[in-house]
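The structure appears right after this line, and notes come after that.
Derivation of every value follows stated rules applied to the coordinates shown; laboratory data play no part. As the structure is a computational prediction, the values presented were derived from the model and not from experiment. Counting neighbours? That spans all protein chains shown, and the Cβs are built from the backbone with ideal geometry, glycine included.
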Amino acid sequence: MEKKQILKKLFSQKNKDYTYAIAFFLIFSFFILFIIRPNLVSVFEANNKIEELHKLDTFYNTQIDKIIELQTTLEENRDNMLLLNQAIANKPEVNKILSDLDISSQEGGLVTSGITVSDINLKEKEDGDKLKSFTLNMDFNGDFQNSLSFIKKIFDQRRLKTISNLSIGRDEKESSESSKLQITMMILGYFL
């Protein structure tokens, strides 16, 4: 009798409604877990990938614009590239700079009394984009006009050099009427 009552209670109208509701929720949960959720996850992943690709596209566009700008600058200055290569060499080439300075001092009428080269590092391998320099300390004897002529000749040369320190004085042993001056220059030479 208990079996009949249990079956009767199970198949009552109230229990049938709950059974349909429970079956609906089980089937709906199955669809959410195994069908809808993976689709939603793939949609969000696709949106994230689209955003990343859009950012990457804008980055590449800016890089391409920079390359185009550099290429147009290179094409505009192609005729001057030889001068740039002469102005800033790949190696220090101290001997060429010393030769240029010696010729300029002789043409300017200055007598070289001493030259020292310092702050040059030939072993260090740095990236080629940085401009490196070395120092030349030079002592001369001559008059003021000769030193002006020498400085003008330095700036007229193709190799890039800067005078970072210039000292002009008179020898205390010389008479005040003498036009001989002692000139000391610190010249920076540049290379890549």
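Along the charge dipole of the chain, which of SER167, ILE187, ILE22 sits closest to the positive end, that is, farthest toward it, with unit charges on the beta carbon of Lys, Arg, Asp and Glu (+1, +1, -1, -1)?
ILE22
How far, in degrees from 0 to 90, does helix 13-31 lean away from the longest principal axis of the Cα atoms of the chain, to the nearest 10?
On a 0 to 90 degree scale, this one is about 20.
Give me the dipole magnitude in Debye, nearest 20, for the chain about the Cα centre, with unit charges on the beta carbon: positive for Lys and Arg, negative for Asp and Glu.
In debye, rounded to 20, the chain gives about 2200.
Send over the Kirkwood Rh of the stretch 35-98, from the inverse of the averaged 1/r over different Cα pairs, rounded to one decimal Å.
Numbers: mean 1/r = 0.0605 Å⁻¹.
Computed over the stretch 35-98, the radius equals 16.5 Å.
Could you tell me the ratio Rg/Rh of the chain? Both radii from Cα atoms, Rh via Kirkwood.
1.70
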